[in-house]
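J.: Shown below is the structure under consideration.
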Amino acid sequence: MAKVLRVGFIGCGGIATGKHLPAQARLQDEGRVELVAFCDLKIERAQAAAEKYGAPGAQVTADYTEVIARDDIDVIHVLTENVGHAPISIAAMRAGKHVMCEKPMAKTYQEALEMCKVAKETGKKLTIGYQTRFDKENLYLKQICDEGMLGDIYYARCVYTRRRGLPTWGVFTDKEKQGGGPLIDIATHELDRTLWYMNNYEPDRVLGVTFQKLNYANSANSSGPWNPDEMDVEDSAFAIIKMKNGATIMLECSWCLNFNVPNASVLCGTKAGADRMENKIRLNVDHGQTLMDIECKPDKYSINLVKDLNWDRRTQYWGKDLEAETFYRAIVEDKDPVVLPEQAAVVSRILEGIYISAQTGKEYIFE
């Protein structure tokens, strides 16, 4: 019988209640985990999470060190503001816990490197919450790349733009606590997946720009009005990323931008190209000297990761549920998680390079 993992949560805000807790609750219903500790600086949020998702007698606290100090907890989910990701994850691993840390991995690249170092020293599993890898379209696109259908991928474009979708809750607009705006918040997903598709984690240089142009009172916004005086992060960012092998990535992101086109991943290889727009994947190929566009419709029976897991959940359970499933199995079966910390650290490295380039107005070269 597989080990029942005892899980604690540090941070019980929106990302916990919208993603981690519902996914872990399904594992708890199957008798594979127990949700035994809930921590949040706002104690009422921890209490509400424990009442809805917790095992009987679950701990509720505002002090994360109390959760980390427990000898009977196997896994910690670090779901705090970005500034807390590295110190809490490091403390948890040194206390003998496996860690699922929300994205981005850390506020700085040096913090991300330290997290990787401690994971190796302690032998604990560390993964980062890039759950969009686990959507069926993205898994299928990765499979296409791994099978060599595109050939050598030398150009990519990743777009994650919101026309007016600045988050007005939490501390998203606080640079000190978050490290930045949409670049570190949402573009991090697109960049993670693009590097993963390409299997290319060696950046050479980057040229980036950031803007804060639509930060004014009474601006239309899907999440309601915000106070411009409390926003010290960018509202949009753009970059050209050149990898050591010459491959080039164009990155576009925004919370607020007068631009309204579908978010997309575009991959161009020597054999074929592919793009993902919204929930559709399209291949463009040269078949017998005829140019063809082929729309792909992946399901759970066409995706190797799901078949390998013999994962029989209903088809609407992807993303957060498959992320939870694979991390659980990585721990109990002593396998690598799908999202490796070394991969996530490269994402942090590139994001930091974009911010430095934008600040200096110069190309940033990675040492």
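The values are calculated or read from the model by the stated rules, or taken from the named source; none is laboratory data. Since the structure is predicted, the reported quantities are computational estimates derived from the model, not experimental observations. Don't worry about glycine lacking a Cβ; one is built from the backbone with ideal geometry, like all the others, and counts go over all protein chains shown. The accessibility values were calculated without ligands, DNA or RNA, using every heavy atom of the protein model including side chains. Shrake-Rupley method; radii C 1.70, N 1.55, O 1.52, S 1.80 Å.
J.: Within the stretch 163-196, list the residues whose amide N lies under 16 Å from a label point set 7 Å along Cα→Cβ of residue 250.
T.: Output list for this probe position: 191.
J.: So for the pair residue 120, residue 205, with labels modelled 7 Å out along Cα→Cβ, what separation do we get in nm?
T.: Label-label distance for residue 120 and residue 205, simple model: 2.9 nm.
J.: Ok, one more. Given a Förster distance of 51 angstrom, what is the FRET efficiency for residue 149 paired with residue 44, based on the Cβ-Cβ distance and rounded to 0.05?
T.: 0.50
J.: Whenever you get a sec, compute what percent of the accessible area on the chain sits on carbon and sulfur atoms (1.4 Å probe).
T.: It is 48 percent, rounded to a whole number.
J.: Let me ask something additional. Identify which of 52, 19, 97 has the largest mean-square fluctuation in a Gaussian network model of the chain, with springs joining Cα atoms closer than 10 Å.
T.: 52
J.: Continuing with this model, one more query. I'd like to verify something in the chain: which complete DSSP H helices, judged by Cα projection on the helix axis, reach 24 Å or more and average at least -1.0 on the Kyte-Doolittle scale?
T.: 341-360
J.: For the stretch 221-307, what relative contact order do you get, as a whole percent, if you take Cα pairs closer than 8 Å and at least 6 residues apart?
T.: For the stretch 221-307, the relative contact order is 13 percent.
J.: Below 11 angstrom from the Cβ of residue 247, what's the summed charge of the other residues (Lys, Arg +1; Asp, Glu -1)?
T.: Result for the neighbourhood of residue 247: -1.
J.: Hey, another quick one. Roughly how many Å is it from the Cα centre of the stretch 271-307 to that of the stretch 159-188, as a whole number?
T.: If we compute the Cα centre of each part, the gap is 31 Å.
J.: If I model a spin label at residue 295 and residue 260 as a point 7 Å from the Cα along the Cα→Cβ vector, what separation in nanometres do I get?
T.: 2.3 nm
J.: Sort 7-16, 79-88, 59-68 for me by packing, meaning the mean count of neighbouring Cβ atoms within 10 Å per residue, highest on top.
T.: Result, highest mean Cβ count within 10 Å first: 7-16, 79-88, 59-68.
J.: Over the stretch 68-184, what portion of Cα pair distances is larger than 17 Å, expressed as a whole percent?
T.: Percentage above 17 Å: 66.
J.: Moving on. Going Cα to Cα from residue 125, which lysines come in below 17 Å? Please leave out same-chain ones fewer than 8 positions away.
T.: 3, 97, 103, 117, 335
J.: Taking 56 Å as R0, compute the FRET efficiency from the Cβ-Cβ separation of residue 284 and residue 110 and round it to 0.05.
T.: E between residue 284 and residue 110, to the nearest 0.05, is 0.85.
J.: Project the alpha carbons of the stretch 38-93 onto their principal axes and report the range along each, largest first, in whole Å.
T.: That gives 28, 24, 15 Å along the principal axes, largest extent first.
J.: For the chain, what does -39500 (n - 2.57) per DSSP helix run (n ≥ 4), summed and divided by total residues, give at 222 nm, in deg cm²/dmol to the nearest 500?
T.: Helices in the chain give a 222 nm mean residue ellipticity of -10000 deg cm²/dmol.
J.: Another question, then. Provide, in order from the shortest bin, the percent of all Cα-Cα pairs of the stretch 271-312 in each 10 Å bin, continuing until the bin that contains the maximum pair distance.
T.: In whole percents, the pair-distance histogram is 25, 37, 29, 8, 0.
J.: A follow-up question, please. What accessible area per residue comes out for the stretch 2-110, rounded to a whole number of Å², with a 1.4 Å probe?
T.: Value for the stretch 2-110: 39 Å² per residue.
J.: Net charge around residue 98, counting only other residues with Cβ within less than 10 Å of its Cβ (Lys, Arg = +1; Asp, Glu = -1)?
T.: +2
J.: Highest first, please rank the peptides 231-244, 183-196 by the mean number of other Cβ atoms sitting within 10 Å of their residues.
T.: Taking the mean over residues of other Cβ atoms within 10 Å, the ranking is 183-196, 231-244.
J.: For a paramagnetic label modelled at 7 Å from the Cα of residue 219 toward its Cβ, which residues of the stretch 243-277 fall within the zone defined by backbone nitrogen distances under 15 Å?
T.: Counting only backbone N, you get 253-260.
J.: Could you grab the relative contact order for the stretch 221-367? Cα pairs under 8 Å, six or more apart, rounded to a whole percent.
T.: Relative contact order, the stretch 221-367: 8 percent.
J.: Just want to confirm a number: the relative contact order over the stretch 270-351, from Cα pairs under 8 angstrom separated by 6+ residues, in percent.
T.: 13 percent.
J.: Probe of 1.4 angstrom, ligands and nucleic acids ignored: what's the accessible area per residue over the stretch 226-309, in square angstrom?
T.: 54 Å²
J.: From the square roots a ≥ b ≥ c of the eigenvalues of the alpha-carbon gyration tensor of the stretch 1-142, which class results: rounded (a/c under 1.5), prolate (a/b over b/c), or oblate?
T.: Here the stretch 1-142 falls in the rounded category.
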